[in-house]
């Protein structure tokens, strides 16, 4: 009986991650896809071309994923409400470049045109230096964002670019994010709101007591 229950739970989890009949992922995840051009413009053996890209590493503060590029195209997922960087690697996980849109080295998946039903198709990608430029710009379309917001996020985008370029800081041949050695910087904001109470009674107890009495601070 326990085995049947376990299999049922596993099946339910598997189904919950499948796309629906409209191709939507659900669970706050959206699809991001693109195409690698088939013509190599490699100038020498030391210079990478985007045709050398075989994998896409999606990196966020909360998660990462590594996806193979198959027949010149890829589809990865991003979690709504996060900023994600797309890093392009060769067959040996060597850094080639990272996605850059209007100079921003991340995709802020906050305000999306169609919520969970949004699909971002970057279309054909081009490598300029270490920047991977999409022929389709999702800003102002699938991703609702203003020019001032883009400019304010560029400092964060610089952080993602730095992580991308130093993907293997300890030189062990494995991207740091794949061996849980990456460093992530983030900021936590706290606001002092003074004392809280209930029914005109000042509360001075601990957090557990506050939760018990439906008080949150």
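Taking all C-alpha pairs of segment 23-181, those more than 21 Å from each other amount to 42 percent.
Packing around the peptides 105-115, 71-81, taken as the average count of other Cβ atoms within 10 Å per residue, puts them in this order, highest first: 105-115, 71-81. Using 0.36 nm per residue and subtracting the Cα-Cα separation, the extra length available between residue 179 and residue 63 on full extension is 40.5 nm. Taken along the Cα-to-beta-carbon direction at a fixed 7 Å, the label points for residue 124 and residue 149 span 3.0 nm. Centre-to-centre separation between the Cα atoms of segment 146-178 and those of segment 44-96: 13 Å. Multiplying the residue separation of residue 102 and residue 172 by 0.36 nm and removing their Cα-Cα distance gives an extension gain of 21.9 nm.
Taking the number of Cβ atoms within 10 Å of each Cβ as an exposure proxy, the fewest-first ranking of 165, 55 is 165, 55.
Each reported figure results from applying straightforward, stated rules to the coordinates on display, with no laboratory input. Values in this document were obtained by computation on a predicted structure and should not be read as measured data. Every residue, glycine among them, receives a Cβ derived from its backbone with ideal geometry; neighbour counts consider all protein chains shown.
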